[in-house]
Amino acid sequence: MNLTQLVNRKPLPDPWSEGEKIPWNDPEFSARMLEHHLTQEHDMASRRLTIIDKQCTWINKQTKPHSKILDLACGPGLYSERLTQRGHKLTGIDFGPASIKHAKEQAKEKGLDITYKLEDIRTADYGTDNDLVLFIYGEFNVFKTSDIKQILAKAHKSLTQGGKLIIEPNRYETIKNEGNSPPSWYSTQGGLFSPKPHICLMENFWHPEQNTATNRYIIIDAATGEATLHASSMIAYTRDDYKTLLTEAGFTDIEFYESLTGEEIEEQKHLEVVVAHKK
């Protein structure tokens, strides 16, 4: 993308037209993202371990002892590790190569029997006889509705009778507000999108007809002036929408919680938790 193309970019991109997600599965991007997953300075990629410990205590109470648990979009395995240490049998799926590599290394180092798969959850095999399926930290909203219906159907099919699904999606207003937020930019000597000095220009768009927010990231290399475009979109759902999606997938007894501890937490107010059952 040259500067002329940048100036002549589409004023309002269609959702997913410029990319489905930022490049989580690119090896170099994934390695840089892993640093954000593991840092204890913020909760932007993965949460700090003190928070994860509290959440795993709550998750542990939602299922029976020695459950078989599937962790979708598991990242570097921070939840899978802690739930395994509580006596459960974990399988984690993620398509970030650095995260899965780190998760496997940690499991081996700590002597934990965890199965990690480097796969896209849209096409991965979820196995059978799961007692609990986890799909947390806002990842639910980044998929097109057709994909999320497929994910929910596979999760339902993989569960035992009486099993549970726990999702942690973004709240409707969270995504709407993000789509309506003003453009911004920053400069850095190296960051998530590039290890080289660059400028990041960010634009956000809200599509009210589709209840979708699109984030556009334009990375301009400081040395060459070359611009690289990344974009991602998220769908905003109401609680009624979540109930409809889950009911259509076969789930019942749908419950809403303020967080993965069951209580309202100021730092996590942009997310909510939904628990659904297979009967």
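The values are calculated or read from the model by the stated rules, or taken from the named source; none is laboratory data. Fair warning: this is a prediction, and the values are worked out from it, not measured in the lab. Glycine gets a Cβ as well: all are built from the backbone with ideal geometry, and neighbour counts include every protein chain shown.
Of note:
- Residue in segment 117-135 that is hydrophobic (A, V, I, L, M, F, W, C), assigned to a loop (DSSP other than H, G, I, E, B) and modelled with pLDDT of 95 or more present: yes
- Filtered residues of segment 20-62 (kept if modelled with pLDDT of 90 or more, among the β-branched types (Val, Ile, Thr) and surrounded by fewer than 21 Cβ atoms within 10 Å (Cβ to Cβ)): Thr39, Thr50, Ile51, Ile52, Thr57
- Residues being in a loop (DSSP other than H, G, I, E, B) and free of Cβ contacts under 8 Å to residues at least 60 places away in the same chain - total across segment 163-198: 9
- Any chance Arg82 is crowded, with 18+ Cβ neighbours inside 10 Å, among the basic types (Lys, Arg) and not in a helix (DSSP H, G or I): no
- Pairing each residue of segment 208-237 that is without any contact (Cβ under 8 Å) to a residue 40 or more places away in the chain and farther than 30 Å from Lys196 by Cβ with any residue that is in a loop (DSSP other than H, G, I, E, B) and of a type outside the set (S, T, N, Q), provided the two are 6+ apart or on different chains, yields C-beta distances under 9 Å for Asn211/Ala236; Asn211/Tyr237.
- The set of residues from segment 189-226 being of a type in the set (Ser, Thr, Tyr) and surrounded by fewer than 16 Cβ atoms within 10 Å (Cβ to Cβ) comprises just one member, Thr224.
- Looking only at segment 44-88, residues that are of a type in the set (Lys, Arg), under 20 Å from Ala276 (Cα atoms) and without any contact (Cβ under 8 Å) to a residue 24 or more places away in the chain come to 1 in all.
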